[in-house]
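See below for the structure under consideration.
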Amino acid sequence: MPPVPGWSGTAGMSRFASAMSGVLLLLVLAGILIGVTLLPHGNSLMHGGIASRLLTWDGRRYYHIMRFGYTWDPVLGTQPGHFQQIAFFPLQPLLEGAVARITGSDAPILMILLSLGFGIASIFAFAHLAALLFEPRAARWATLLYVLWPACSFFVMGYPTGLIALCIVMALAASLQDRVWRAALWCGIGTAAAPTVVFVVFALGLHRAWQWLHRRDRIAALPGLIAWGVLCIAGLLGFMLYQELRFHDPLAFNRAQSAWGTAPPFFRRLARLFRPDWYTAQGVAGLAEIRQGLGLWSHGVQPALVAIQFGVQRLINSFSFVLALIGIIAATIALHRRAPVVVLAAWSVLAGYLWFIVATDQNMLAVPRLLAPAIGIFLGLGWLAGGGTGRIGPALGGVLAVGLTLLSIAEIAFAVSGYWVV
């Protein structure tokens, strides 16, 4: 790989990242105002102030873990619908607990601010990563599209979305600069926040193993490689050790996933990955739900909006999946020589999502959030938007920016109004 510019060459992106943080705050404000003033309450509205209304779905699960810790029932916890908190990784609630102890308060607003803070930190980290790889115009487009991606709504819902992205971006940047132990440390931290980071570890591990195979002192370097790999998954190993000591089952978090539905047999999952109708099913169902909602309009705005919003979520998932695929392909074209580890990490996250989500009965669930760790998406889209020699690139970027802005504001508005946003 040709030399990558150092961090000193990215100072100009800090000002742009500050501006993008302001854009994020404007998105949040617009979404909250629309949700509070224009939308009727959804079925899942959490009563209280704005922070309590935003701290919903998995964000509330992390909040519950912070306050009460983990529990695990190995019989009930594997039954569909009997969700248990052990399925959620510990870093977010640990940090929330630290905030509660420092401030003497466990008010939801503090947890929202923590999540938002990591989201903003991830913007600065991503802007510097983009500046390592692209000239300024493409780097700015990539950063803008990263900020506008609909997963930004989870920055204000108490999710570790920003924390996960921060760890992955820092690990990729360190890897590009051959700071392999720093990359391993960021991965190790990230694996305590979410299982998705393991797919990034897999990519970095393949890249590191390839380098190791081309060393003359492979035997002497083997212990260091093993130690590096252990550090990469240190967070996950620590979580498994806790579960073994507490519940005598280091894989309780994995067994708890059965509450969300058991995985189909291997060959059925494999077949689904090659069925075009399986990929279009989400969009078809979304259109049907929107039609159903429009038919309910005469019965009241609230029941109609509930049905319509389910359909909108499915369409957002379908649109985001297509856009993610385009971004990863573009990143592959642009970066396969200069930054192969970034490309490999993006494909690894996509492959994990396809196998563990799309190929199951969940199909395209939570696409914006679960594919956001494929950081190559935004780099590829930024390259397309900023790399055009004429008007095509900026025009494409403009269309994407407007569309993603509307989707992100809608997601925040739906979340604060008590609708399904996961």
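The values are calculated or read from the model by the stated rules, or taken from the named source; none is laboratory data. Bear in mind the structure is a predicted one, so any value in this text is a computation, not a measurement. Note: ideal-geometry Cβ built from the backbone for every residue, glycine included; neighbour counts use all protein chains shown.
Before moving on, here are some points about what is shown:
- Among the residues making up segment 160-195, those that are of a type in the set (Val, Ile, Thr) and either at positive phi or surrounded by fewer than 24 Cβ atoms within 10 Å (Cβ to Cβ) (or both) are 180, 189.
- Scanning segment 309-319 for any residue that is in a helix (DSSP H, G or I), exposed (fewer than 13 other Cβ atoms within 10 Å of the Cβ) and not charged (D, E, K, R) turns up nothing.
- Per-region count, segment 334-364, residues under 15 Å from residue 134 (Cα atoms), in contact with a helix residue (DSSP H, G or I) (Cβ under 8 Å, 6 or more places away or on another chain) and in contact (Cβ under 8 Å) with a residue 40 or more places away in the chain: 6
- Selection status of residue 255, farther than 24 Å from residue 421 by Cβ, crowded, with 19+ Cβ neighbours inside 10 Å and either under 24 Å from the mean Cα position of the chain (by Cα) or among the polar types (S, T, N, Q) (or both): no
- So residue 242, is it closer than 25 Å to residue 354 by Cα and surrounded by 15 or more Cβ atoms within 10 Å (Cβ to Cβ): no
- Residue list for segment 291-303, restricted to those being assigned to a helix (DSSP H, G or I) and surrounded by fewer than 19 Cβ atoms within 10 Å (Cβ to Cβ): 291, 292, 294, 295, 297, 298, 299, 301, 302, 303
- Checking each residue in segment 64-87 for being surrounded by fewer than 20 Cβ atoms within 10 Å (Cβ to Cβ), in contact (Cβ under 8 Å) with a residue 12 or more places away in the chain and under 14 Å from residue 106 (Cα atoms) picks out 64, 67.
- Among all positions in segment 338-351, there is no residue which is more than 18 Å from the chain's Cα centre (by Cα), modelled with pLDDT under 95, of a type in the set (Gly, Ala, Ser) and assigned to a loop (DSSP other than H, G, I, E, B).
- Some residue of segment 102-111 being modelled with pLDDT of 95 or more and under 19 Å from residue 369 (Cα atoms): yes
- Considering residues of segment 95-107 that are touching a residue at least 12 places away in the same chain (Cβ under 8 Å) and of a type in the set (A, V, I, L, M) only, the residue farthest from residue 235 (Cα to Cα): 107
- Taken over segment 388-422, the criterion of being farther than 26 Å from residue 59 by Cα and surrounded by 21 or more Cβ atoms within 10 Å (Cβ to Cβ) is satisfied by 397, 400.
- Each residue in segment 64-87 was checked for being in a helix (DSSP H, G or I) and either among the polar types (S, T, N, Q) or closer than 20 Å to residue 236 by Cα (or both), and 6 pass.
- Checking residue 222 against (1) within 28 Å of the chain's Cα centre (by Cα); (2) without any contact (Cβ under 8 Å) to a residue 60 or more places away in the chain, the condition it does not meet: (1)
- Filter pass, residue 38 being in contact (Cβ under 8 Å) with a residue 60 or more places away in the chain, loosely packed, with under 15 Cβ neighbours inside 10 Å, of a type outside the set (Lys, Arg) and farther than 17 Å from residue 109 by Cα: yes
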